[in-house]
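The structure appears right after this line, and notes come after that.
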Amino acid sequence: MSMEFESVIGLEVHVQLATETKIFCGSSTRFGGDPNEFIDPVTLGLPGALPVLNRRVVEFAIMLGKATKCEIRRFNRFARKHYFYPDLPKGYQISQFEEPICERGSLEVHFENAVRTVGIRRIHMEEDAGKNMHDTRTETSLIDLNRAGVPLLEIVSEPDLRTPAEASAYLRTLRQMVRFLGVSDGNMEEGSLRCDANISLRPVGELKFGTRTEIKNLNSFRFVERALEYEIARQTSLLRAGQKVVQETLLYDSAADVTRSMRGKEESSDYRYFPDPDLPPLIIEEGWVNQIVGSMPRLPDQWRKELTENYGLSNYDASVLLAESENVAFFQAVFDICQNAKAACNWVTSELFGYLHKNSLTLAHSPIKPADLGALIKLIDDEVLSGKMAKSVFEEMFATSQSPQEIIEKKGLKQIANPDEIQQLVTDTISKFSSQFDAYAQGNDRLHGFFVGEVMKLSRGAANPKLVNNAILDAVKKRRSS
Amino acid sequence: MISDNDVAKIASLARLTLTPEESSRYAAELSRILEYVQQLDSYSVEGVEPLSHVHGASNVFREDTPTPSLPFEGEVSTNAPDKSGRFFRVPLIIE
């Protein structure tokens, strides 16, 4: 009988904060500058240089803490974490150790049509290190310190995750949260969001945790899932064979899709933490926290409630809009003009997303501005444009970035809604197809659609279909009663 | 007492290579320093919070406004042991 195992997973996520400047000095945090463009005495760890805390970092930490229902620590100190590596010129990283700014929170993760509450153990502030490039040929490493001192929040979950898919859903939810709050761009490709995973197995029903391994370098959602799946398979076969899992740090090699041991990491991990005397204590009063909470943007869950309850959108539509904070902001701007939530959602998520996708564009580079899309929807609702005409106006808007009004003027595309003009079109059509109309009047109601189609054709699609429909019904009624 | 093993561990954490003579000299010197500090053990610190900062300051912030960085060429790169283009260059740090 082979034993069944359950996996126990916890994630440690680092997010780079969307501040203008570094955590302890005024150099820029911009990504993609020249190597060593954003360096200064503090970044270089020059003797006598003193760190001064960036207020915005604390505000961002409090925002994420409150958004994840954490307790905010009143009395905070920074700690020095010592290790030697050339990407860290001071010889220590300034971090928080036993006194993280946020603790004991939770994040609600929508996963497989259910909501899972994942515990947040802690969130702390720290500085990033620089970047190394290794050249084994010349036996040298090249160091770029632009990233050194960029502010990070490390978010440590409780070991509440049970499957790789659940871990990836948690990570997506966390990314969504930091992006909605505006505390980080959450860009995994550029390294603004990085993930390490702790994983152990235990027999199903067992409460005690097994021996865990830590997998580093999981820089995409897919890699998180694949690395965890690989590691579950590896640990399962070890345990089935009666062997032990060794507690160690592993590196995920995405090319080979395997995890490899990072030997030597364990014995050197003696960081000799102590409070950093260069940074005075940080005292967070409740008034400050309340002020920050008052200025916080709407969170994904609040948006979901708003979209489904007040705007009447389906849960599915809400999820599509909430996938990125830009989507929902764009939707809101469209809605502000047209006041029609369902139409705004459909035009944004079906038409616009479809066209953007076909043209490999992102919403940020949409040739159609939200106000113009709102105006287009309003023209449909005001029956100035038929649905069909609106689609061709939309195409033109996408191609030229012009407003719908400009395109309508230019093309003379206005819908015919004048009752006299509609009546004339109907009369002309009836005289053209008089025998068919006789048959319709004598009871062949199936011919109704034929007449609507012919009137629309005569108007080249410009007639208001609802008015055409009514005018034909009136004409038949008149004939039958005469 | 600081043992030779303690010295070896500290040296390895500090990436220092010590000769056996240096090792035993540092073991003796570090032990003497610790003995000196051990005098503090004669005071009772019951109920006294550990002190991390001697001045009374708290909440010292900078606003999130960029200030000029140092140019790499010039004092920065000439004070570095080695460089390559706009990078600092160091001996290979992976096996």
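One table, with the values for the structure above:
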{"read-out": "Options A:Ile39, A:Ile62: the member that is at the interface with chain B (Cβ under 9 Å from one of its Cβ atoms) and crowded, with 20+ Cβ neighbours inside 10 Å", "value": "A:Ile39"}
{"read-out": "Filter result for A:Val289 (surrounded by 12 or more Cβ atoms within 10 Å (Cβ to Cβ), within 14 Å of chain B (Cβ to nearest Cβ), assigned to a helix (DSSP H, G or I) and among the hydrophobic types (A, V, I, L, M, F, W, C))", "value": "yes"}
{"read-out": "Yes/no for B:Val90 being part of a strand (DSSP E or B), at the interface with another protein chain (Cβ under 8 Å from one of its Cβ atoms) and not polar (S, T, N, Q)", "value": "yes"}
{"read-out": "Test: residue in segment A:266-274 that is out of contact with any strand residue (DSSP E or B) (no Cβ under 9 Å at 6 or more places or on another chain) and either closer than 30 Å to A:Leu201 by Cα or within 14 Å of another protein chain (Cβ to nearest Cβ) (or both)", "value": "yes"}
{"read-out": "Matching entry among A:Glu421, A:Glu383, A:Glu351, A:Glu409 (being under 34 Å from the mean Cα position of the chain (by Cα) and of a type in the set (Asp, Glu))", "value": "A:Glu351"}
{"read-out": "Qualifying residue in segment A:123-136 (condition: more than 14 Å from chain B (Cβ to nearest Cβ), buried (at least 20 other Cβ atoms within 10 Å of the Cβ) and under 16 Å from A:Ser157 (Cβ atoms))", "value": "yes"}
{"read-out": "Candidates A:Ile232, A:Ile284, filtered to the one that is within 35 Å of the chain's Cα centre (by Cα) and within 14 Å of chain B (Cβ to nearest Cβ)", "value": "A:Ile284"}
{"read-out": "Scan of segment B:72-87 for residues that are assigned to a loop (DSSP other than H, G, I, E, B) and either touching a strand residue (DSSP E or B) at 6+ places or on another chain (Cβ under 7 Å) or at the interface with chain A (Cβ under 9 Å from one of its Cβ atoms) (or both), ordered by number", "value": "B:Ala80, B:Asp82, B:Gly85, B:Arg86"}
{"read-out": "Count - residues of segment A:42-58 that are assigned to a helix (DSSP H, G or I) and more than 9 Å from chain B (Cβ to nearest Cβ)", "value": "1"}
{"read-out": "Selection count, segment B:61-75, where residues are over 21 Å from A:Ala18 (Cα atoms) and surrounded by 10 or more Cβ atoms within 10 Å (Cβ to Cβ)", "value": "5"}
{"read-out": "Any chance A:Pro86 is farther than 17 Å from A:Pro151 by Cβ, away from chain B (no Cβ under 11 Å), part of a loop (DSSP other than H, G, I, E, B) and over 31 Å from the mean Cα position of the chain (by Cα)", "value": "no"}
{"read-out": "Meets criteria (closer than 28 Å to A:Arg212 by Cα, touching a Phe, Trp or Tyr at 6+ places or on another chain (Cβ under 6 Å), at pLDDT below 95 and not small (Gly, Ala, Ser)) for A:Phe111", "value": "no"}
{"read-out": "Residue within segment A:102-119 that is among the small types (Gly, Ala, Ser), crowded, with 18+ Cβ neighbours inside 10 Å and within 14 Å of another protein chain (Cβ to nearest Cβ) present", "value": "no"}
{"read-out": "Test: residue in segment A:10-19 that is in contact (Cβ under 8 Å) with a residue 12 or more places away in the chain and facing chain B (nearest Cβ under 9 Å)", "value": "yes"}
{"read-out": "Index of the failed condition, B:Gly47 passing every other in (1) without any contact (Cβ under 8 Å) to a residue 12 or more places away in the chain; (2) over 23 Å from the mean Cα position of the chain (by Cα); (3) within 14 Å of chain A (Cβ to nearest Cβ)", "value": "(3)"}
{"read-out": "Candidate set from segment B:9-22 (those that are away from every other protein chain (no Cβ under 12 Å) and surrounded by 11 or more Cβ atoms within 10 Å (Cβ to Cβ)); member that is nearest to A:Arg272 (Cα to Cα)", "value": "B:Leu18"}
{"read-out": "Where B:Ala57 falls short, out of the listed (1) at pLDDT below 95; (2) facing chain A (nearest Cβ under 7 Å); (3) outside any loop (DSSP other than H, G, I, E, B)", "value": "(3)"}
{"read-out": "Failed criterion for A:Leu251 (all others in (1) within 14 Å of chain B (Cβ to nearest Cβ); (2) hydrophobic (A, V, I, L, M, F, W, C); (3) touching a residue at least 60 places away in the same chain (Cβ under 8 Å) hold)", "value": "(3)"}
{"read-out": "Those residues of segment A:325-369 which are part of a loop (DSSP other than H, G, I, E, B), surrounded by 18 or more Cβ atoms within 10 Å (Cβ to Cβ) and free of Cβ contacts under 8 Å to residues at least 40 places away in the same chain, in sequence order", "value": "A:Ser366, A:Ile368"}
{"read-out": "Lone unmet requirement of (1) in the same structural domain as A:Leu473 (by TED's automatic domain parsing); (2) not in a helix (DSSP H, G or I) for A:Gln423", "value": "(2)"}
{"read-out": "Residues of segment A:220-241 that turn out to be farther than 29 Å from A:Val15 by Cα and among the hydroxyl-bearing types (Ser, Thr, Tyr), as a count", "value": "2"}
{"read-out": "Some residue of segment A:437-448 being on the phi < 0 side of the Ramachandran plot, among the polar types (S, T, N, Q) and under 47 Å from the mean Cα position of the chain (by Cα)", "value": "no"}
{"read-out": "The one condition in (1) of a type in the set (Gly, Ala, Ser); (2) without any contact (Cβ under 8 Å) to a residue 12 or more places away in the chain; (3) more than 9 Å from chain B (Cβ to nearest Cβ) that A:Ser28 fails to fulfil", "value": "(3)"}
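Yes or no, residue by residue, for (1) among the hydroxyl-bearing types (Ser, Thr, Tyr); (2) surrounded by 14 or more Cβ atoms within 10 Å (Cβ to Cβ):
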site: A:Met397; (1), (2): no, yes
site: A:Ser401; (1), (2): yes, no
site: A:Glu409; (1), (2): no, no
site: A:Ala417; (1), (2): no, yes
site: A:Val426; (1), (2): no, yes
site: A:Phe433; (1), (2): no, yes
site: A:Asn464; (1), (2): no, yes
site: A:Arg480; (1), (2): no, no
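The values are calculated or read from the model by the stated rules, or taken from the named source; none is laboratory data. Predicted model, so just to flag it, every value in this text is computed and none were measured. So basically every Cβ, Gly included, is an ideal-geometry build from the backbone, and we count neighbours across all protein chains shown.
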